[in-house]
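For reference, the structure is listed below as structure tokens.
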Amino acid sequence: MKIEKIFSPSNLELSELGESFWNYVLSQLPALPHETEDKKFLFSVSESSVFLGGIAGNVYWNGLEIDVLWVNENYRGRGIAKKLLEEAEEYARSNGAVIAFLKTVDAKEFYIKQGYKVYGQLEDRPLGSVLFHMKKRLDADQSL
């Protein structure tokens, strides 16, 4: 056996590993939709053609993964991030998502106010900080 170290892998090399892993996953969960069925999205906010912020994520396997949520510092505190998050959650629900999840270093309190809960944390990612893993049920009664 030989371990080859590849520091700039080609798409073909990455594809071989990815397809091999996917075949294993399907052997365990045969009804799982392929990642080609993922619903990636970006919702952005602008004013007078000036980009103010946005949210990007992916809806797959009955879940919403928030990748990025950002609002320009000069426009924070106006409910823009909350509205973007609500729009993403509604889009996800309409596409069958029952749970949302994300990672954050410094916006934990914002997400808690939006109904998210910490389910894990990773210290020193990046060094000297804590990376919080958060989730929210999307199929729960929203009036609670």
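Derivation of every value follows stated rules applied to the coordinates shown; laboratory data play no part. These figures come from a predicted structure and were not determined experimentally. Note: ideal-geometry Cβ built from the backbone for every residue, glycine included; neighbour counts use all protein chains shown.
Observations on the structure shown:
- One decimal place: the segment Ser20-Thr36 gains 4.2 nm when fully extended, by the rule 0.36 nm per residue minus the C-alpha distance.
- Across region 52-122, Cα pairs under 8 Å and at least six residues apart give a relative contact order of 33 percent.
- Fewest-first ranking of Phe21, Phe101, using other Cβ atoms within 10 Å as the exposure measure: Phe21, Phe101
- Acute angle (nearest 10 degrees) that the helix 80-94 long axis makes with the longest principal axis of the chain, alpha-carbon atoms: 50 degrees
- Using a cut-off of 22 Å between Cα atoms, the listed pairs Lys5/Lys40; Lys82/Lys117; Lys103/Lys136; Lys82/Lys103; Lys39/Lys103; Lys39/Lys117 include Lys5/Lys40; Lys39/Lys117 as exceeding that distance.
- Each Cα pair under 8 Å and six or more residues apart adds its sequence gap; the mean of these over the residue count of the chain is a relative contact order of 16 percent.
- Helix 11-28 vs. the chain, principal-axis angle (Cα, 0 to 90°, nearest 10): 90 degrees
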